[in-house]
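Down below is the structure, laid out as structure tokens.
The values are calculated or read from the model by the stated rules, or taken from the named source; none is laboratory data. Not measured: the values here are computed from a predicted model. Here the Cβ positions follow ideal geometry from the backbone for every residue, glycine too, while neighbour counts run over all protein chains shown. In case anyone asks, the SASA skips ligands and DNA or RNA and just uses the protein heavy atoms, side chains included. Shrake-Rupley method; radii C 1.70, N 1.55, O 1.52, S 1.80 Å.
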Amino acid sequence: MKGILYAAGPGDIIQTYRYLTEGINDPSQVAFTYSKQFYEFCEESGIPAVAVSSNPKAEVLQDGQFTLYNQPKPSWLSKGVMYHLGQIHTSFHLLKLARKHQCNLAIVSNYNDWFSLALLKLFGICIVPTLHCTFWTTGHKPNNFKNKIIRKLNSWFWQHCVSATICISPECEKQLREICPKLNSPVFQARPTYLKAAFSEIQPPRQNSEQFHLLFAGRLEENKGVLELYETAKLLEKSHPGIFKWHICGTGSLENSLEQRISTDQSKDFFMLKGHLDRNQMLTYFSLSHVFLIPTRQDFAEGLNKVAIEGVLSGRPVIVSKYIPATDILGNAVIIAEQIKPSYLNKLILSLYDDPNNYLNAIRSTEAVQDIFFDPKCSWKAALAKSVNIIHTHHE
């Protein structure tokens, strides 16, 4: 293997590398980052590596076998037709980087028009997509003309250009095989990986507490269901004044409008925006919480929600919308919300608050599925190693 190019997401891969060289985990993340796992694999195998992210903090770092780039995407390549042109633009850029650094393997995440990566295959570069999102929202496959064409082109790409695929959930693989029934390259499953010691410090939820704490962690966006949570919070405050306390952890485009609503409604005492939190701060709120909520809307295609996993690892009931493919991994450890309407979420939360036995049973159901997320054999790094080994064996 001459060298590996890793096209990551928007994370700060250079800062993660600096933490790694200092011997510590990225304090901004609860799970082990995929870039950290990539660096560790390359160090252990001695393979020269290039990694590039779309992080808005532009920076380049060269250190030994690693060349790292934080390169923000041009804002004009993000919407409508320009989004698809942006995918082609990114593919050309990845090709340029791969050739500059003599990489013959590209590990690529966060794409839609995967077929544009065929450019790399034309120059003899093996391609391993890593699927962190599904192709469509679970149970809602779009059948308009544009999506059918993209699926056809992606099917061709997987059949003829892909050496292996890493999937973060069974739903990702299921949809991939639906898109490409004649897939003839291997697919490896991977799971987010966590440090067990971090969760051993989390306290059990307080029973018979005068207050019931609810946690949301994620982007403050409409498609994440944050507005529905706010309306649910107002319903619960009206029926149970002072009991339910909402901790909303994260930032996003709704932050300012939510602050205005909270101020107008005078709801800051029960619906609290915490902003972006580091790992230790998040673990503190995990301990404080009684229930995790993940009300993702239909218009967001998630491969697997990490917060759902973190709720389970914290031994908390986790309410997830039916649009998240959670049960194929977490099973009965999560509570499926068939709707994300405030009135429905209100009843679901009260069913846990009003019935201690129901709440305790929900806690017990989290125990059976925790070990897989502490097991290095199930990690993204392990799946990467299998993919590289397959390619190495094939090219011998």
Please compute the Cα-Cα pair-distance distribution of the chain with 10 Å bins starting at 0, giving whole percents from short to long.
5, 22, 31, 25, 13, 4, 0
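What are the chymotrypsin sites (Phe, Trp or Tyr not before Pro) within the stretch 51-160 that DSSP puts in a loop, where the Cβ has at most 15 other Cβ atoms within 10 Å?
Answer by residue number: 123.
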At q = 0.12, 0.20, 0.23 Å⁻¹, base-10 log of I(q)/I(0) for the stretch 44-147 (Debye sum, equal scatterers on each alpha carbon)
-0.48, -1.19, -1.43
Output for the stretch 261-362: GluC sites (Glu not before Pro) sitting in coil per DSSP, at most 11 other Cβ within 10 Å, listed by number, reads 338
Residues of the chain: accessible area per residue at 1.4 Å, in Å²?
46
Considering only the chain, percent of DSSP beta bridges that pair antiparallel, nearest 5
10
Cα lying deepest toward the dipole's positive end in the chain, options 324, 336, 163, charges on Cβ:
163
So, with a 1.4 angstrom probe, what is the percent of accessible area on the chain that is carbon and sulfur?
52
Could you compute how fast the stretch 212-320 diffuses translationally, taking Rh as the Kirkwood radius over C-alpha pairs and applying Stokes-Einstein at 4 °C with viscosity 1.567 mPa s? Give it in µm² per second.
92
Residue order for 372, 262 - accessible surface, 1.4 angstrom probe, largest first
372, 262
Just to be sure I understand the model, the point goes 7 Å from the Cα along the line to the Cβ. What's the resulting residue 355 to residue 75 distance in nm?
5.0
Reachable aspartates and glutamates from residue 245, criterion Cα separation under 13 angstrom, eight or more residues apart if same chain
210, 237, 269
